[in-house]
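Just so you know, all these numbers are worked out from the coordinates, no wet-lab data involved. Everything numeric in this text was worked out from a predicted model, so none of it was measured. For neighbour counting, all protein chains shown are included, and Cβ atoms are generated from backbone atoms with ideal geometry for every residue, glycine included.
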Amino acid sequence: MEVIRTIQEMKQLCKKYKEKQLGFVATMGFLHDGHLSLMREAKQENDIVVSSIFVNPLQFGPNDDYETYPRDEDRDTLLAEQAGVDILFIPTPTEMYPNPMMIQMGIEKRTDVLCGRSRPGHFNGVLTVLTKLFHIISPDKVYFGLKDAQQVAVVDALIADLNFPTELVGMPTVREADGLAKSSRNVNLKESERKEALWIYKSLQKGYQLIQNGEKDPKKVIDEVIKTLESNVSGKIDYVELLSYPSLEKVSTINQPVILATAVYYEQARLIDNLLLNENGERIDRYIN
């Protein structure tokens, strides 16, 4: 595995492989099984796998955890190589943003709900760094975890609107044995918080079961999820929403692909989770566009 730290060298190396199919996994490091599953999938479907490790300052707000976001480059490098990554791109903030950005990406839809509502500017930062990375690497396929399904919806819009010649692959959420979605932020949970956090996924399953039983009213499903969370979780509920997917708009009845999603604040971590369902109320574990 080659480790690359400059944009110029990264661009030259990708040109060398322009006749190969190239898969790309963008990460902020502190890799866990969710990231590694994306890398392994990319390895199966592409000739060359590129991954990036970059904690992007543009997507952190003033009250976010940029400075304390977990980092461990040596561990990440070893794990990425074991997962089959061929090229690991690890730029510094100065390399990616040598001067204040004169142009930044913005998005008009899909961001005033879910995580975007409480994190203004976050997805503009995501779009800006991904646009730079897509131009630098020119991937044929990009892989993202559906745990952050709003991000997948935003990337879907980025690729469609700017005509990137790239296929988006959204992969299933990887979970702990008790169902908690794996996240780099889970290490910040207290022992008592970690024990109860499994109810985040259980609450979504309660809502899903209602839909499976024929419930078409979004409010009744949302109320069931909130009731379950409030009965079992000490953290503060940020949101529970049921929206169309990937357009992320309110629905009056559940008769199309939807996302049922929630976020919960703990003292030092904000945890998100979701379920994607098709028009028949069946779970979607892989999203391709």
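Data for the structure
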read-out	value
Principal axes of the stretch 112-222: Cα extent on each, largest first, Å	42, 37, 27
Relative contact order [Cα under 8 Å, 6+ residues apart], the chain, whole percent	17
Low-density loop positions, trypsin sites (Lys or Arg not before Pro), the stretch 18-101 - DSSP coil, at most 10 other Cβ in 10 Å	18
Nearest-20 debye value, the chain charge dipole, Cβ charges on Lys, Arg, Asp, Glu	220
In the stretch 1-63, GluC sites (Glu not before Pro) in a DSSP loop with at most 10 other beta-carbon atoms within 10 Å	19
Neighbour-count ranking [beta-carbon atoms within 10 angstrom, fewest first] of 110, 117	117, 110
Cα-Cα separations in the chain greater than 26 Å, expressed as whole percent	44
On Cα atoms only, tilt of 149-161 relative to the major axis of the chain in degrees	50
Across 132/190; 141/250; 109/219, pairs whose alpha-carbon gap is larger than 27 Å	132/190; 141/250
For the stretch 69-157: rounded, prolate or oblate by the Cα gyration tensor [a/c cutoff 1.5]	prolate
Helix 7-16 axis, angle to the chain major axis (alpha carbon atoms, nearest 10°)	80
Kirkwood-based shape ratio for the stretch 184-282, expressed as Rg/Rh from alpha carbons	1.00
Cα-centred dipole magnitude for the stretch 2-171, charges only on beta-carbon of K, R (+1) and D, E (-1), debye, nearest 20	340
Whole-Å distance, taken between Cα centres, linking the stretch 113-190 and the stretch 32-107	11
D_trans [Stokes-Einstein, Kirkwood Rh over alpha-carbon pairs] for the stretch 113-160, 20 °C, 1.002 mPa s, µm² s⁻¹	187
The chain: angle of helix 218-232 to the longest principal axis, Cα-based, in degrees nearest 10	90
Over the stretch 2-171 - Rg/Rh using Cα atoms and the Kirkwood inverse-distance radius	0.93
Hydrodynamic radius (Kirkwood) for the stretch 245-289, which is based on Cα pairs only, to one decimal in Å	11.9
